[in-house]
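In what follows, a structure is listed as structure tokens, so that the remarks can point back to it.
The values are calculated or read from the model by the stated rules, or taken from the named source; none is laboratory data. Since we're looking at a predicted model, the values are computed, not measured. We place every Cβ from the backbone using ideal geometry, glycine too, and count neighbours over all the protein chains shown.
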Amino acid sequence: MDRIPILKMGNLLLVTIQIDLYDRLATNLEADLVQMVYKTQAKGVLIDISALSIVDSFMGRILGNIGSMSKIMDAETVVVGMQPAVAITLIELGLELKGVSTALNIEKGMELLKKKVGSYDKELLDDEANTE
């Protein structure tokens, strides 16, 4: 697997990392995600890392880079599902995830993104209203 899927939900992008990342895959994710923010003009990025049991300094830097690059491109980044051991490791390594907000789970992360960027785009809201 050379790519992590990136889903578009309105003006948000959702990435769920289901496998431990090796360096090339993490680098590909960084490039793909920044390209998708540009291409879709996304206003928010949600990255679910709940399946990751280990985040090393390289992966920590990648998450920080994604947050910084997305911020420069006018998109907010929220990382969700961080395991306690991962949080401890990031602190012990002295890594700050600048430009990245965190939330406990996807639901809380989506709420946070909605507060930061407004709501989903108008198209998605219209679709939801028509289905009710």
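Tabulated data
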quantity: Residue count for the stretch 17-47, restricted to those that are in contact with a helix residue (DSSP H, G or I) (Cβ under 8 Å, 6 or more places away or on another chain) and closer than 18 Å to E76 by Cβ; calculated: 11
quantity: Qualifying residue in the stretch 92-105 (condition: buried (at least 20 other Cβ atoms within 10 Å of the Cβ), assigned to a helix (DSSP H, G or I) and either in contact with a strand residue (DSSP E or B) (Cβ under 7 Å, 6 or more places away or on another chain) or among the aromatic types (F, W, Y) (or both)); calculated: no
quantity: Residue within the stretch 42-53 that is β-branched (V, I, T), out of contact with any strand residue (DSSP E or B) (no Cβ under 9 Å at 6 or more places or on another chain) and outside any strand (DSSP E or B) present; calculated: no
quantity: Within the stretch 51-84, considering residues that are of a type in the set (S, T, Y) and under 12 Å from the mean Cα position of the chain (by Cα), the one surrounded by the most Cβ atoms within 10 Å (Cβ to Cβ); calculated: T77
quantity: Selected residue (only one of S70, S53 is within 23 Å of N28 (Cβ to Cβ), out of contact with any Pro (no Cβ under 6 Å at 6 or more places or on another chain) and either at pLDDT below 90 or of a type in the set (F, W, Y) (or both)); calculated: S53
